[in-house]
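Everything below concerns the one structure shown next.
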Amino acid sequence: MEKKRILVVDDEEDIRDLLEIYLVNEGYSVIKTSDGIEAIDVLEKAEIDLIILDIMMPKMDGIQACMKIRKDKNVPIIMLSAKSEDIDKILGLNTGADDYVTKPFNPLEIVARVKSQLRRCTMLSEHKKTKSEEIEIRGLQINTATHQVRVDDREVKLTPTEFSILEVLARNKGRVLNTKLIYESVWNEPAYEAENTVAVHIRNIREKIEIDTKNPRFIKVVWGVGYKVE
């Protein structure tokens, strides 16, 4: 089986080399770049399965790079940042990142998150064989085979994580799901302080699929309980 390719983007050589050692040890193929411009160039030439992307970099930082990547690619992105404030995490997730890790980090945590993201992508592919490929709810169309989402025949572009969350909610139509259940269903790992992460992704989904986010048509908030699709 062909090795999964991980693109590590960080201006600190020690961090690039450290992540390479751990990822290669887990059987992954690693490509390293030191800034966003180099990363974009690699993505134009090679098939990448996941990106580990630092925020603070010269030439083109991780936020700018993530925004450019998201214009036409749905590859999972894990952001790295020396900032641990919630606002920085929200900014990273708002630009299209799937996960966010603060520095300093344990390399084993990065490996675990890489596995989780890749496992989730594999499980999405398996849905093609085991579940209905089309989900339709009052003008909202979700195709799990092509990962396409349409609202009233308007195509909507979602990140892999956003798509997974929307699919979980849609397959449980009418049922209220709390953030813990949503996180564990999508990330395939125990939820720990996951409320902000889930909330940011759901807000991003609503901004893309709802005409009026103050009076949502699809994703409803049940205060103090969770979220549901009606």
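Couple of notes before you dig in:
- Taking Ile202, Ile21, Ile182 in turn, the Gaussian network model of the chain (Cα-Cα springs below 10 Å) assigns the largest fluctuation to Ile21.
- A Förster distance of 22 Å, applied to the separation of the beta-carbon atoms of Asn215 and Asp152, puts the FRET efficiency at 0.90.
- For the chain, leaving out every one of the chymotrypsin sites (Phe, Trp or Tyr not before Pro) that falls in a DSSP loop and has at most 13 other Cβ atoms within 10 Å, the longest unbroken run is 1-191.
- Computed extension gain for Gln64 through Asn143, at 0.36 nm per residue and net of the alpha carbon distance, reaches 25.5 nm.
- Volume of the convex hull of the range 5-120 (Cα atoms only), normalised per residue: 91 Å³.
- Projected label distance in nm at Ile87 and Asp41, using a 7 Å step from Cα toward the beta-carbon: 3.5
- Violating pairs (Cα-Cα greater than 21 angstrom) within the set Lys71/Lys208; Lys4/Lys45; Lys68/Lys180; Lys32/Lys68; Lys68/Lys214: Lys68/Lys180; Lys68/Lys214
- Convex hull per residue volume in Å³, alpha carbons only, for the chain: 128
- Neighbourhood net charge (10 Å Cβ-Cβ; Lys/Arg +1, Asp/Glu -1) for Pro216: +1
- The reciprocal of the average 1/r between distinct C-alpha atoms defines the Kirkwood hydrodynamic radius, which for the range 131-229 equals 13.6 Å.
- For the range 172-185, the Karplus equation 6.51 cos²θ - 1.76 cosθ + 1.60, evaluated at θ = phi - 60°, returns couplings of 10, 3, x, 9, 7, 10, 7, 5, 4, 5, 4, 4, 5, 6 Hz by residue, with Gly and Pro reported as x.
- Taking the helices alone, the chain has a mean residue ellipticity at 222 nm of -13500 deg cm²/dmol, built from -39,500 (n - 2.57) per DSSP H run of at least 4 residues and averaged over all its residues.
- On Cα atoms only, tilt of 36-45 relative to the major axis of the chain in degrees: 80
- Each Lys and Arg Cβ is given +1 and each Asp and Glu Cβ -1; about its Cα centre, the chain then shows a dipole of about 1100 debye.
Coordinate-derived values only; no laboratory data. Because the structure is predicted, anything quoted here is derived from the model rather than measured. A quick note on method: Cβ atoms are made from the backbone with ideal geometry, for glycine too, and the neighbour counts reach across all protein chains shown.
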